[in-house]
Amino acid sequence: MRIEAEPTAVDVVVIGAGQAGLSTGYHLRRTGHRPEAGFVLLDAPSAPGGAWRFRWPTLRMATVHGVHDLPGLPMGPVDEDEPAATAVPAYFAAYEQHFALPVHRPVRVRSVWPEDDDPMGRLRVATDRGDFSTRALINATGTWTRPFWPRVPGQAVFRGRQLHTVDYQGPDEFAGRKVIVVGGGASGVQLLAEIATVAETTWVTRRPPVFHEGPFTHEHGRAAVARVDEAVRAGRPPESVVSVTGLLLTPEVRRMRAEGLLDRLPMFDELTADGAVWHDGRFEAADAILYATGFRAALDHLRPLRLREPGGGIVVEDTRVPAEPRVQLVGYGPSASTVGATRAGRFAVREVNRLLGRVPAGMTGH
(Lines give C-alpha, C1' and ligand atoms only; values in the text may rest on other atoms or scores of the structure.)
Protein backbone atom coordinates (compact mmCIF):
# COMPACT_ATOMS: atom_id res chain seq x y z
CA MET A 1 0.00 0.00 0.00
CA ARG A 2 1.41 3.36 -1.05
CA ILE A 3 1.30 6.09 1.60
CA GLU A 4 1.16 9.60 0.15
CA ALA A 5 3.18 12.25 1.97
CA GLU A 6 1.22 15.15 3.40
CA PRO A 7 1.42 18.27 1.21
CA THR A 8 3.40 21.26 2.42
CA ALA A 9 0.87 23.90 3.50
CA VAL A 10 1.57 27.55 2.63
CA ASP A 11 -0.49 30.67 2.01
CA VAL A 12 0.86 31.41 -1.47
CA VAL A 13 2.58 29.35 -4.16
CA VAL A 14 4.31 31.22 -6.98
CA ILE A 15 5.02 29.07 -10.05
CA GLY A 16 8.04 30.41 -11.92
CA ALA A 17 11.04 32.49 -10.86
CA GLY A 18 11.75 34.58 -13.92
CA GLN A 19 11.17 38.32 -14.06
CA ALA A 20 7.48 38.10 -13.10
CA GLY A 21 8.01 35.51 -10.38
CA LEU A 22 10.86 37.39 -8.73
CA SER A 23 8.91 40.64 -8.78
CA THR A 24 6.03 38.79 -7.16
CA GLY A 25 8.31 37.33 -4.51
CA TYR A 26 9.65 40.79 -3.68
CA HIS A 27 6.16 42.19 -3.12
CA LEU A 28 5.13 39.18 -1.05
CA ARG A 29 8.09 39.77 1.26
CA ARG A 30 7.44 43.50 1.37
CA THR A 31 3.83 43.01 2.44
CA GLY A 32 4.75 40.70 5.31
CA HIS A 33 4.59 37.18 3.91
CA ARG A 34 7.21 34.95 5.50
CA PRO A 35 9.47 32.87 3.24
CA GLU A 36 8.78 29.12 3.32
CA ALA A 37 6.03 29.21 5.96
CA GLY A 38 4.04 31.87 4.10
CA PHE A 39 5.08 31.48 0.48
CA VAL A 40 7.37 29.59 -1.89
CA LEU A 41 8.50 30.01 -5.48
CA LEU A 42 8.71 26.84 -7.57
CA ASP A 43 11.07 27.03 -10.54
CA ALA A 44 11.66 24.34 -13.16
CA PRO A 45 15.22 25.22 -14.33
CA SER A 46 18.17 24.07 -12.26
CA ALA A 47 19.60 27.59 -11.77
CA PRO A 48 18.38 31.21 -11.68
CA GLY A 49 17.63 33.19 -14.82
CA GLY A 50 14.27 32.00 -16.10
CA ALA A 51 14.05 31.93 -19.88
CA TRP A 52 17.12 34.15 -20.16
CA ARG A 53 19.35 31.16 -19.38
CA PHE A 54 18.32 29.65 -22.70
CA ARG A 55 18.71 32.62 -25.04
CA TRP A 56 20.97 32.07 -28.02
CA PRO A 57 24.67 32.78 -27.33
CA THR A 58 24.94 35.56 -29.90
CA LEU A 59 22.28 37.68 -28.15
CA ARG A 60 24.32 40.37 -26.42
CA MET A 61 23.18 42.94 -23.90
CA ALA A 62 23.64 45.62 -26.55
CA THR A 63 20.92 44.05 -28.70
CA VAL A 64 18.48 42.91 -26.00
CA HIS A 65 15.02 44.41 -26.33
CA GLY A 66 14.35 45.78 -22.88
CA VAL A 67 15.57 44.24 -19.63
CA HIS A 68 13.91 46.37 -16.98
CA ASP A 69 15.11 46.54 -13.40
CA LEU A 70 13.42 44.32 -10.87
CA PRO A 71 11.85 46.24 -7.96
CA GLY A 72 14.13 47.22 -5.13
CA LEU A 73 17.48 46.31 -6.73
CA PRO A 74 18.64 47.87 -10.04
CA MET A 75 20.68 45.76 -12.41
CA GLY A 76 23.32 48.45 -12.65
CA PRO A 77 25.90 48.94 -15.43
CA VAL A 78 26.32 46.05 -17.85
CA ASP A 79 28.93 45.08 -20.39
CA GLU A 80 27.14 45.47 -23.72
CA ASP A 81 29.26 42.68 -25.22
CA GLU A 82 28.28 40.16 -22.56
CA PRO A 83 25.82 37.46 -23.64
CA ALA A 84 22.33 38.04 -22.26
CA ALA A 85 22.25 34.36 -21.27
CA THR A 86 24.90 35.04 -18.60
CA ALA A 87 24.32 38.69 -17.64
CA VAL A 88 20.61 38.49 -16.84
CA PRO A 89 20.76 35.18 -14.91
CA ALA A 90 23.60 36.61 -12.81
CA TYR A 91 21.35 39.57 -11.96
CA PHE A 92 18.44 37.29 -11.10
CA ALA A 93 20.67 35.14 -8.89
CA ALA A 94 21.91 38.21 -7.01
CA TYR A 95 18.32 39.38 -6.64
CA GLU A 96 17.15 36.07 -5.14
CA GLN A 97 20.02 36.14 -2.66
CA HIS A 98 19.63 39.82 -1.74
CA PHE A 99 15.97 39.42 -0.77
CA ALA A 100 16.32 35.82 0.50
CA LEU A 101 13.52 34.62 -1.74
CA PRO A 102 12.43 31.01 -1.05
CA VAL A 103 13.01 29.55 -4.51
CA HIS A 104 12.80 25.77 -4.81
CA ARG A 105 14.46 24.27 -7.89
CA PRO A 106 14.43 22.27 -9.98
CA VAL A 107 10.73 21.67 -9.37
CA ARG A 108 8.31 20.86 -12.16
CA VAL A 109 4.66 21.54 -11.46
CA ARG A 110 2.48 18.81 -12.93
CA SER A 111 -1.02 20.01 -12.13
CA VAL A 112 -3.16 22.24 -9.93
CA TRP A 113 -6.65 21.41 -8.71
CA PRO A 114 -9.10 22.32 -5.90
CA GLU A 115 -8.77 20.17 -2.80
CA ASP A 116 -12.55 20.28 -2.20
CA ASP A 117 -15.75 21.91 -3.47
CA ASP A 118 -15.29 25.08 -1.43
CA PRO A 119 -14.60 27.90 -3.95
CA MET A 120 -12.46 29.62 -1.32
CA GLY A 121 -10.77 26.43 -0.14
CA ARG A 122 -7.23 25.33 -0.79
CA LEU A 123 -5.60 24.39 -4.06
CA ARG A 124 -3.34 21.36 -4.43
CA VAL A 125 -0.13 21.93 -6.42
CA ALA A 126 1.36 18.62 -7.52
CA THR A 127 5.05 18.60 -8.43
CA ASP A 128 7.83 16.12 -9.08
CA ARG A 129 9.25 17.02 -5.66
CA GLY A 130 6.10 16.57 -3.60
CA ASP A 131 2.79 18.43 -3.27
CA PHE A 132 1.89 21.83 -1.85
CA SER A 133 -1.42 22.97 -0.42
CA THR A 134 -2.03 26.68 -0.89
CA ARG A 135 -4.67 29.32 -0.28
CA ALA A 136 -3.61 31.31 -3.35
CA LEU A 137 -1.66 30.69 -6.52
CA ILE A 138 0.31 33.20 -8.59
CA ASN A 139 1.30 31.72 -11.94
CA ALA A 140 4.42 33.20 -13.57
CA THR A 141 5.44 30.46 -16.00
CA GLY A 142 5.87 32.64 -19.09
CA THR A 143 6.02 31.15 -22.57
CA TRP A 144 9.57 29.92 -23.34
CA THR A 145 8.74 26.26 -22.73
CA ARG A 146 5.89 26.33 -25.27
CA PRO A 147 7.35 27.29 -28.68
CA PHE A 148 4.73 27.54 -31.39
CA TRP A 149 5.37 25.45 -34.51
CA PRO A 150 3.07 26.14 -37.48
CA ARG A 151 1.77 23.05 -39.22
CA VAL A 152 2.63 22.85 -42.90
CA PRO A 153 2.06 19.96 -45.32
CA GLY A 154 5.31 18.17 -46.12
CA GLN A 155 7.14 18.88 -42.87
CA ALA A 156 7.68 15.14 -42.40
CA VAL A 157 9.32 14.73 -45.83
CA PHE A 158 11.65 17.74 -45.73
CA ARG A 159 15.20 16.37 -45.55
CA GLY A 160 16.84 19.50 -44.21
CA ARG A 161 16.84 20.76 -40.65
CA GLN A 162 13.80 22.35 -39.03
CA LEU A 163 14.34 24.28 -35.81
CA HIS A 164 12.68 26.87 -33.61
CA THR A 165 14.12 29.95 -31.96
CA VAL A 166 14.63 27.88 -28.79
CA ASP A 167 17.06 25.64 -30.71
CA TYR A 168 19.11 28.41 -32.32
CA GLN A 169 22.76 28.52 -31.25
CA GLY A 170 24.19 31.06 -33.66
CA PRO A 171 24.74 31.58 -37.40
CA ASP A 172 27.91 29.55 -37.90
CA GLU A 173 26.11 26.22 -38.33
CA PHE A 174 24.33 27.64 -41.40
CA ALA A 175 27.44 28.85 -43.23
CA GLY A 176 27.13 28.36 -46.98
CA ARG A 177 23.55 27.01 -46.69
CA LYS A 178 20.15 28.16 -47.90
CA VAL A 179 17.94 29.09 -44.96
CA ILE A 180 14.28 30.10 -44.82
CA VAL A 181 13.46 32.18 -41.74
CA VAL A 182 9.76 32.11 -40.84
CA GLY A 183 8.38 34.83 -38.58
CA GLY A 184 7.74 38.57 -38.66
CA GLY A 185 8.65 39.44 -35.07
CA ALA A 186 11.70 41.16 -33.66
CA SER A 187 13.49 37.86 -32.97
CA GLY A 188 12.86 36.67 -36.53
CA VAL A 189 14.41 39.83 -37.95
CA GLN A 190 17.35 39.64 -35.55
CA LEU A 191 18.13 36.02 -36.40
CA LEU A 192 17.66 36.72 -40.10
CA ALA A 193 20.27 39.48 -39.85
CA GLU A 194 22.76 37.12 -38.19
CA ILE A 195 22.24 34.21 -40.55
CA ALA A 196 22.39 36.43 -43.63
CA THR A 197 26.04 37.18 -42.85
CA VAL A 198 26.99 33.55 -43.62
CA ALA A 199 24.12 32.07 -45.64
CA GLU A 200 21.63 32.71 -48.41
CA THR A 201 18.35 33.64 -46.72
CA THR A 202 14.67 33.93 -47.56
CA TRP A 203 12.29 35.74 -45.21
CA VAL A 204 8.74 34.41 -44.86
CA THR A 205 5.90 35.89 -42.79
CA ARG A 206 2.24 34.99 -42.53
CA ARG A 207 1.13 38.63 -42.69
CA PRO A 208 2.86 41.59 -44.39
CA PRO A 209 5.17 43.22 -41.83
CA VAL A 210 4.30 46.66 -40.52
CA PHE A 211 7.27 48.93 -39.90
CA HIS A 212 6.96 51.62 -37.26
CA GLU A 213 8.33 55.00 -38.36
CA GLY A 214 9.66 57.39 -35.77
CA PRO A 215 10.37 56.88 -32.06
CA PHE A 216 8.32 54.40 -30.04
CA THR A 217 6.70 56.64 -27.43
CA HIS A 218 4.98 55.91 -24.13
CA GLU A 219 1.71 56.59 -25.92
CA HIS A 220 2.49 53.81 -28.42
CA GLY A 221 3.34 51.49 -25.56
CA ARG A 222 0.12 52.23 -23.69
CA ALA A 223 -1.93 51.72 -26.84
CA ALA A 224 -0.25 48.35 -27.46
CA VAL A 225 -0.88 47.20 -23.89
CA ALA A 226 -4.50 48.34 -24.14
CA ARG A 227 -5.09 46.20 -27.24
CA VAL A 228 -3.65 43.09 -25.62
CA ASP A 229 -5.54 43.83 -22.41
CA GLU A 230 -8.79 44.08 -24.35
CA ALA A 231 -8.17 40.65 -25.86
CA VAL A 232 -7.51 38.85 -22.57
CA ARG A 233 -10.41 40.55 -20.79
CA ALA A 234 -12.62 39.09 -23.51
CA GLY A 235 -11.09 35.63 -23.11
CA ARG A 236 -9.26 35.67 -26.43
CA PRO A 237 -5.68 34.40 -26.71
CA PRO A 238 -3.29 37.37 -26.31
CA GLU A 239 -1.83 38.84 -29.48
CA SER A 240 1.90 38.92 -30.10
CA VAL A 241 3.63 42.18 -29.22
CA VAL A 242 4.83 42.83 -32.77
CA SER A 243 1.34 42.41 -34.18
CA VAL A 244 0.38 45.39 -32.04
CA THR A 245 3.49 47.57 -32.16
CA GLY A 246 4.95 46.78 -35.58
CA LEU A 247 8.68 46.45 -36.27
CA LEU A 248 10.76 49.41 -35.19
CA LEU A 249 12.84 50.93 -37.96
CA THR A 250 16.17 50.80 -36.17
CA PRO A 251 19.38 51.54 -38.11
CA GLU A 252 19.92 47.78 -38.44
CA VAL A 253 16.43 47.23 -39.87
CA ARG A 254 16.88 50.12 -42.30
CA ARG A 255 20.15 48.57 -43.48
CA MET A 256 18.47 45.21 -43.99
CA ARG A 257 15.69 46.80 -46.01
CA ALA A 258 18.20 48.63 -48.18
CA GLU A 259 20.07 45.38 -48.85
CA GLY A 260 16.89 43.51 -49.78
CA LEU A 261 17.06 41.13 -46.81
CA LEU A 262 13.53 42.11 -45.79
CA ASP A 263 11.95 41.46 -49.19
CA ARG A 264 9.39 39.23 -47.58
CA LEU A 265 7.47 36.31 -49.07
CA PRO A 266 4.09 35.06 -47.78
CA MET A 267 3.96 31.78 -45.91
CA PHE A 268 4.72 28.83 -48.14
CA ASP A 269 1.99 26.26 -48.76
CA GLU A 270 4.03 23.08 -48.63
CA LEU A 271 7.45 21.64 -47.96
CA THR A 272 9.08 19.12 -50.27
CA ALA A 273 12.17 17.04 -49.62
CA ASP A 274 14.47 19.90 -50.51
CA GLY A 275 12.58 23.16 -50.22
CA ALA A 276 9.35 25.15 -50.01
CA VAL A 277 6.53 25.55 -52.53
CA TRP A 278 3.95 28.31 -52.89
CA HIS A 279 0.49 28.01 -54.48
CA ASP A 280 1.61 30.03 -57.51
CA GLY A 281 4.30 27.46 -58.29
CA ARG A 282 7.23 29.31 -56.76
CA PHE A 283 9.92 27.06 -55.29
CA GLU A 284 12.76 27.97 -52.94
CA ALA A 285 15.44 25.40 -52.19
CA ALA A 286 16.36 25.15 -48.54
CA ASP A 287 18.80 23.34 -46.30
CA ALA A 288 17.10 24.58 -43.13
CA ILE A 289 13.84 26.15 -41.96
CA LEU A 290 14.06 28.34 -38.86
CA TYR A 291 10.68 29.01 -37.24
CA ALA A 292 10.82 32.29 -35.30
CA THR A 293 7.09 31.96 -34.80
CA GLY A 294 6.70 32.86 -31.18
CA PHE A 295 5.35 31.09 -28.14
CA ARG A 296 2.17 30.26 -26.29
CA ALA A 297 1.52 30.66 -22.58
CA ALA A 298 2.75 27.63 -20.58
CA LEU A 299 -0.44 26.89 -18.67
CA ASP A 300 -1.09 23.17 -19.20
CA HIS A 301 -0.64 22.48 -15.49
CA LEU A 302 -3.71 24.64 -14.79
CA ARG A 303 -5.95 22.53 -17.04
CA PRO A 304 -7.80 20.84 -14.13
CA LEU A 305 -9.08 24.29 -13.09
CA ARG A 306 -10.90 24.65 -16.44
CA LEU A 307 -10.02 28.28 -16.94
CA ARG A 308 -9.94 28.41 -20.74
CA GLU A 309 -12.74 29.91 -22.78
CA PRO A 310 -14.06 28.20 -25.95
CA GLY A 311 -11.74 30.37 -28.06
CA GLY A 312 -8.67 29.11 -26.21
CA GLY A 313 -7.90 32.14 -24.05
CA ILE A 314 -8.43 32.84 -20.35
CA VAL A 315 -10.42 35.81 -19.12
CA VAL A 316 -7.95 37.94 -17.14
CA GLU A 317 -8.60 41.35 -15.59
CA ASP A 318 -5.21 42.87 -14.80
CA THR A 319 -3.89 39.67 -13.17
CA ARG A 320 -7.17 38.36 -11.74
CA VAL A 321 -8.91 35.30 -13.14
CA PRO A 322 -12.58 36.04 -12.39
CA ALA A 323 -13.54 32.39 -12.85
CA GLU A 324 -11.05 31.33 -10.15
CA PRO A 325 -10.32 34.07 -7.56
CA ARG A 326 -7.55 32.03 -5.96
CA VAL A 327 -5.45 32.30 -9.15
CA GLN A 328 -3.48 35.27 -10.47
CA LEU A 329 -1.69 35.22 -13.84
CA VAL A 330 1.42 37.37 -14.19
CA GLY A 331 3.47 37.47 -17.37
CA TYR A 332 0.31 36.74 -19.35
CA GLY A 333 -1.23 39.03 -21.94
CA PRO A 334 -0.48 42.70 -21.20
CA SER A 335 2.04 41.77 -18.49
CA ALA A 336 4.15 39.54 -20.79
CA SER A 337 6.81 42.24 -21.25
CA THR A 338 9.56 42.68 -18.67
CA VAL A 339 8.27 46.05 -17.50
CA GLY A 340 4.69 44.74 -17.49
CA ALA A 341 5.68 41.70 -15.45
CA THR A 342 7.13 43.88 -12.71
CA ARG A 343 3.93 45.90 -12.42
CA ALA A 344 1.84 42.73 -12.56
CA GLY A 345 3.73 41.20 -9.63
CA ARG A 346 2.77 44.15 -7.44
CA PHE A 347 -0.85 44.00 -8.54
CA ALA A 348 -1.12 40.23 -8.08
CA VAL A 349 0.19 40.44 -4.52
CA ARG A 350 -2.29 43.19 -3.74
CA GLU A 351 -5.12 40.95 -4.94
CA VAL A 352 -3.80 37.95 -3.00
CA ASN A 353 -3.59 40.03 0.15
CA ARG A 354 -7.22 41.02 -0.29
CA LEU A 355 -8.21 37.39 -0.82
CA LEU A 356 -6.37 36.34 2.34
CA GLY A 357 -7.78 39.25 4.34
CA ARG A 358 -4.36 40.75 4.93
CA VAL A 359 -5.25 44.31 3.86
CA PRO A 360 -8.54 46.21 3.81
CA ALA A 361 -10.15 46.91 0.44
CA GLY A 362 -8.78 50.07 -1.12
CA MET A 363 -5.23 49.65 0.15
CA THR A 364 -2.45 49.07 -2.39
CA GLY A 365 -0.56 46.46 -0.41
CA HIS A 366 2.88 47.89 -1.20
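The values are calculated or read from the model by the stated rules, or taken from the named source; none is laboratory data. None of the values given here were measured: they were computed from a predicted structure. Using ideal geometry, Cβ is built from the backbone for each residue, glycine included, and neighbour counts are taken over all protein chains shown.
Before moving on, here are some points about what is shown:
- Filtered residues of region 30-60 (kept if more than 15 Å from R135 (Cβ to Cβ) and in contact with a strand residue (DSSP E or B) (Cβ under 7 Å, 6 or more places away or on another chain)): L41, L42, D43, P57, L59, R60
- Filtered residues of region 90-115 (kept if under 21 Å from T145 (Cα atoms), surrounded by fewer than 19 Cβ atoms within 10 Å (Cβ to Cβ) and out of contact with any helix residue (DSSP H, G or I) (no Cβ under 7 Å at 6 or more places or on another chain)): A90, A93, H104, R105, P106, R108
Okay, residues lined up against (1) hydroxyl-bearing (S, T, Y); (2) at pLDDT below 95:
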{"residue": "P119", "(1), (2)": "no, yes"}
{"residue": "L123", "(1), (2)": "no, no"}
{"residue": "A126", "(1), (2)": "no, no"}
{"residue": "F132", "(1), (2)": "no, no"}
{"residue": "P171", "(1), (2)": "no, no"}
{"residue": "F174", "(1), (2)": "no, no"}
{"residue": "G188", "(1), (2)": "no, yes"}
{"residue": "T201", "(1), (2)": "yes, no"}
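- Strands (runs of 3 or more DSSP E) within region 226-338 that include 3 or more residues buried (at least 18 other Cβ atoms within 10 Å of the Cβ) and of a type outside the set (S, T, Y): 288-291, 327-329
Results for (1) crowded, with 24+ Cβ neighbours inside 10 Å; (2) among the β-branched types (V, I, T); (3) more than 30 Å from P83 (Cβ to Cβ), shown as yes or no for each residue.
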{"site": "P7", "(1), (2), (3)": "no, no, yes"}
{"site": "D11", "(1), (2), (3)": "no, no, yes"}
{"site": "T31", "(1), (2), (3)": "no, yes, yes"}
{"site": "D43", "(1), (2), (3)": "yes, no, no"}
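- Test for Y91: is it of a type in the set (S, T, Y), in contact (Cβ under 8 Å) with a residue 60 or more places away in the chain, in a helix (DSSP H, G or I) and on the phi < 0 side of the Ramachandran plot: no
- Pair list, Cβ < 9 Å and 6+ apart or interchain, from region 172-194 residues that are on the phi < 0 side of the Ramachandran plot and without any contact (Cβ under 8 Å) to a residue 40 or more places away in the chain to residues that are β-branched (V, I, T) and part of a helix (DSSP H, G or I): none
- Selection status of A94, modelled with pLDDT of 95 or more and assigned by TED's automatic domain parsing to the domain that holds Y26: yes
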